[in-house]
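Let me begin by presenting the structure, written as structure tokens, before commenting on it.
Taken together, the values in this text are just the output of simple stated rules run on the coordinates, not laboratory data. Note that this is a predicted model, so its numbers are computed, not measured. Glycine also receives a Cβ, built like all others from the backbone with ideal geometry; neighbour counts cover every protein chain displayed.
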Amino acid sequence: MTFKDLGLALPILKAIEEQGYTTPTPIQEQAIPILLTKKDLLGVAQTGTGKTAAFSIPIIHHLHTNQEHSKGKKRIKALIVTPTRELAIQIGENFTAYSKHTKVTNTVIFGGVKQQRQVNALRPGVDALIATPGRLLDLMNQNIISLRDIEYVVLDEADQMLDMGFIHDIKKIIAKLPAKRQSLFFSATMPKDIVELSKRILGNFERVTIKPKQATAERVEQGIYFVSKANKPKLLVHLINERPEASVLVFSRTKHGANKIVKKLAQADINSAAIHGNKSQTARQKALGVFKEGKLNVLVATDIAARGIDVDDLSLVINFDLPNIPETYVHRIGRTGRASASGIAISFCMAEERAYLKDIEKLIKQQVPRLGEHPYMEDAQENAEAKPQKPSNNKSRNNNRPSANSNRNRNSSNRRRKNNRNSNRNKPEKRD
Ligand code: AMP
């Protein structure tokens, strides 16, 4: 199937071509025809599947087609709600790219910055609004934004919005939407409370599911190193130094941890930057900007801050910490191997994280390949676990593995570790 087969307006096809997309991704192939018929849609998909284009393109098509008849100041007809500012900005960029040969306009609003510039951008009227929930409600409460003319609404990354405590904001926003509208609901996972939320917004809907397995097993080459907590920074330095040209995204579970990783890398003369909730919006955008431009090779991020990251040439994701929520692992490794590209995701697992690994493997229904020995092994259990296995796909793994003689620093102390496998399992993740 090609984009032409989908029956999209010519200016949109031209923009898609200019983006270099040749064929629709599975979610686009399935969702775009449904959305063009103005049906509601429940999309179970993570970022990296091409879902932004899957929802933006049909909305632009409708706005463009109907625009020929409308006169006067533009009213907001499409609303896209997304959890983070990075994601909002990125959706805005994509929306602008796909609509560049039409007269369809959009603006992006998010919190953490002064509202005046955003208010000024809204003043002349706009077709589509991309917003984070808090700032949207704020401007609605000040009567700067009205949802009365909304015809298309998208709730993006619904599970993440709930995780971030936006449930009440979302319910208030939904309550203000006109009854007659097309609703789109996207979530990477579908736990019970998300199903309930989806029922509030969707009418008679069709469902499209792009399984995380597709994203993980087929496109991302995964691997795991067993390593002690103390040796994680050294192994990280080693892996980065092995690939001086690679653009590497390192995940840390906490903001504090992310800052510590940046410091450790600096001590090894590796330049990196951290993005997380305690960093100012300007600092986050700046770090992301230099990383995307390829001027900075290593970015250290917490899960929420990383949600909006879309870097074309991201070659390696390193999970410095394993997440205690298995779905988060799928989100993280989805940062590499975007759309049709392939990528590598390497995870570090210390003794206390074994239970998390088990949960992840249960979710993705495969074993994450053990990458074998590394230069910083010091534990008998690590050595026992480190037996290399066959990779999950048929690509060569050789460049993932340290060379045979690289275990020179090995110290095989038979230190017994306290096995607290399950102690952290159900604790809520410390997030930003
Ligand atoms: P998303 O899941 O929306 O975050 O998109 C992931 C990445 O895939 C983005 O970098 C898009 O530009 C890219 N992309 C979206 N659709 C296609 C396509 N049909 N062909 C190639 N790349 C695409």
The answer for ARG207, listing residues at least 5 apart or on another chain whose modeled amide H is closer than 5 Å to its amide H, is LEU42
Largest first and in whole Å, what are the equivalent-ellipsoid semi-axes of segment 134-195 based on the Cα gyration tensor, each being the root of 5 times an eigenvalue?
21, 15, 8
So what's the projected area for segment 13-96, the Cα convex hull averaged over all directions, in nm²?
6.5 nm²
Qualifying trypsin sites (Lys or Arg not before Pro) in segment 229-338, DSSP loop, other Cβ atoms within 10 Å at most 15
LYS229, LYS295
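Can you flag which of LYS100/LYS295; LYS232/LYS260; LYS172/LYS255 are past 23 Å Cα-Cα?
Working: LYS100/LYS295 28 Å; LYS232/LYS260 12 Å; LYS172/LYS255 30 Å.
Violating the 23 Å limit, Cα to Cα: LYS100/LYS295; LYS172/LYS255.
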Check GLN222: other-chain or 5+ apart residues with amide H under 5 Å from its amide H, H built from backbone geometry?
ALA345, SER392
Dimensionless Rg/Rh of segment 139-283, both radii on Cα and Rh by Kirkwood, sits at 1.09
Compute the FRET efficiency between GLN281 and GLN115 as 1/(1 + (r/R0)^6), taking r as their Cβ-Cβ distance and R0 = 22 Å, and round to the nearest 0.05.
0.95
Debye calc, one equal point scatterer per Cα of segment 201-303, no solvent, log10 I(q)/I(0) at q = 0.14, 0.17 1/Å comes to -0.67, -0.88
For VAL248, what residues show an amide H to amide H distance below 5 Å, using hydrogens built from the backbone and excluding near sequence neighbours?
VAL298, LEU299
Note, segment 296-304: 3J(HN,Hα) by Karplus (6.51, -1.76, 1.60, θ = phi - 60°), whole Hz, Gly/Pro = x, goes 10, 8, 10, 10, 10, 9, 8, 4, 5
